[in-house]
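What follows is a single structure, written as structure tokens, with notes after it.
The values are calculated or read from the model by the stated rules, or taken from the named source; none is laboratory data. Values in this document were obtained by computation on a predicted structure and should not be read as measured data. Here the Cβ positions follow ideal geometry from the backbone for every residue, glycine too, while neighbour counts run over all protein chains shown. The area values use the complete protein model at the heavy-atom level, side chains included, leaving out ligands, DNA and RNA. Shrake-Rupley method; radii C 1.70, N 1.55, O 1.52, S 1.80 Å.
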Amino acid sequence: MVIKAAAKIDHEVDPKKKEDMLGLYPNPQNLLEEHATIDTSVLKELSFSSILSARMFGKLLFCELCKLAAFLQLKKMPIRDVLYDKIMAAAFFEPSTRTRLSFESAMLNLGGKTLSVAEAATTSIAKGESLLDIGQMFNSYADVVVVRHTEQKALQDLSHYLRIPLINGGNGSDEHPTQALSDWYALLKWKPEIANSKLEDSKKLQLGIIGTPGNMRSVKSFLILSLLFSENIKKITIVSEMADPLGEDVQDFCNKSTIPIDVSNDLQQVVGQLDVLYMNAIAYLGDSYRHLGSQFKLSSKSGLKKGAVILHPLARRDELSMDLDNTDHNLYFNQADGAVFIRQALLLAIFDRVENNSI
Ligand code: CP
């Protein structure tokens, strides 16, 4: 089935909100052609599925999901109460601002209900309860659960005990797949032609990743999703202080792509060539999170290419200067803002409620 946008736009995007936004704010309409449609049969692939890795998204599936997010962001679909009978548990055993709150906001916007665990200490884990026993409770109390955990293995283990879809909200140093959906939703609003057609060489993107995909989950999931657009990415440069920032697993995955991947430890040398800079500095090393790459900093004086955009999953510290916030290099606030809509689209697809919402 194909869904067309509602002929009448129910609510315009609040223009005041756009004016108040710092940085670049590309119009979601950029993702939709004049008579845009969503092929809902493609989204069926996500119906009642768990989302554990960015690897499960093919290009067509991801692009249809982005179109649905754009419909939602532009309020071209009525969504009130569509998930009225669903409960989402957001179980975060590690701190979060954006992921937990944007998932909750997405669910509430769809008329669903939320249960939230903001830290492990408020659960019976403090009394020695196992995560697997908590999993049994998720089955009883919710229809979908978003989990963030410090341990890479925790989500895979938990998935064996769950009868409801499990969404990975970040598992140790492994992956953060829905962050990558937000990252690329922002990039496709900025340059929709990346998804639509093969670009001539001079228009292909040079991507820079400041971080270590081998042990930074957001960076890793971003890199995995980036490979979907291989025909329009000229090169990816990883800027890292580590000798082997990819690690064996990510290297094997990248070897399947045609995109050349370089490694540099000199940001100054490469910054002027990059069209997109994806930056993160928090890595899981040993048994805790560390702030890495203190020599890699971006500011308005870094010599960024004209028109280049910066993505950062946030939280940031001094690696990303606030003097970039009010510039057109700043796509990071839009990246966080759009997260609500791509997560709404994901929840609608998981609950197979897209068609019910058609006009
Ligand atoms: N991007 C992201 O994962 O942010 P939080 O840690 O605040 O959820």
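A few comments on the model shown:
Here is a yes/no grid of residues against (1) surrounded by 14 or more Cβ atoms within 10 Å (Cβ to Cβ); (2) of a type outside the set (Asp, Glu):
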{"site": "Leu298", "(1), (2)": "yes, yes"}
{"site": "Lys306", "(1), (2)": "no, yes"}
{"site": "Ile310", "(1), (2)": "yes, yes"}
{"site": "Arg316", "(1), (2)": "yes, yes"}
{"site": "Asp323", "(1), (2)": "no, no"}
{"site": "Asn326", "(1), (2)": "no, yes"}
{"site": "Ala336", "(1), (2)": "yes, yes"}
{"site": "Ala339", "(1), (2)": "yes, yes"}
{"site": "Asp352", "(1), (2)": "yes, no"}
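- Of residues in segment 297-343 being more than 30 Å from Val354 (Cβ to Cβ) and hydrophobic (A, V, I, L, M, F, W, C), the one nearest to the ligand (Cβ to nearest atom): Ala315
- Every residue from segment 195-227 that is away from the ligand (no atom under 15 Å from the Cβ) and among the hydroxyl-bearing types (Ser, Thr, Tyr): Ser197, Ser202, Thr212, Ser226
- Meets criteria (in contact with a helix residue (DSSP H, G or I) (Cβ under 6 Å, 6 or more places away or on another chain), open to solvent by 20 Å² or more (accessible area, probe 1.4 Å) and of a type in the set (A, V, I, L, M)) for Leu188: no
- Scanning segment 262-296 for residues that are modelled with pLDDT of 95 or more and either open to solvent by less than 30 Å² (accessible area, probe 1.4 Å) or within 16 Å of the ligand (Cβ to nearest atom) (or both) yields Ser264, Leu267, Val270, Val271, Leu274, Asp275, Val276, Leu277, Tyr278, Met279.
- Of all the listed residues (Ser257, Ser288, Ser321), the sole one being more than 28 Å from Leu101 (Cα to Cα) and of a type outside the set (Lys, Arg) is Ser257.
- Residue check, Asp201 farther than 17 Å from Gly338 by Cβ and outside the structural domain of Phe93 (by TED's automatic domain parsing): yes
- Residues that are within 21 Å of Leu292 (Cα to Cα) and under 21 Å from the mean Cα position of the chain (by Cα) within segment 225-244 comprise Ile236, Thr237, Ile238, Val239, listed in sequence order.
- Of the numbered criteria (1) in contact with a strand residue (DSSP E or B) (Cβ under 9 Å, 6 or more places away or on another chain); (2) within 21 Å of Asp275 (Cβ to Cβ), the one Asp244 fails is (2).
- Residue check, Asn255 in contact with a helix residue (DSSP H, G or I) (Cβ under 9 Å, 6 or more places away or on another chain) and either surrounded by fewer than 21 Cβ atoms within 10 Å (Cβ to Cβ) or closer than 24 Å to Leu60 by Cβ (or both): no
- Verdict on Thr99 being β-branched (Val, Ile, Thr), surrounded by fewer than 19 Cβ atoms within 10 Å (Cβ to Cβ) and in contact with a helix residue (DSSP H, G or I) (Cβ under 8 Å, 6 or more places away or on another chain): no
- Scanning segment 113-134 for residues that are in contact with a strand residue (DSSP E or B) (Cβ under 8 Å, 6 or more places away or on another chain) and either open to solvent by 60 Å² or more (accessible area, probe 1.4 Å) or not polar (S, T, N, Q) (or both) returns Lys113, Leu115, Ser116, Val117, Ala118, Glu119, Leu131, Ile134.
- Breaking point among (1) closer than 21 Å to Gly272 by Cβ; (2) open to solvent by 30 Å² or more (accessible area, probe 1.4 Å); (3) at pLDDT below 95, for Lys234: (3)
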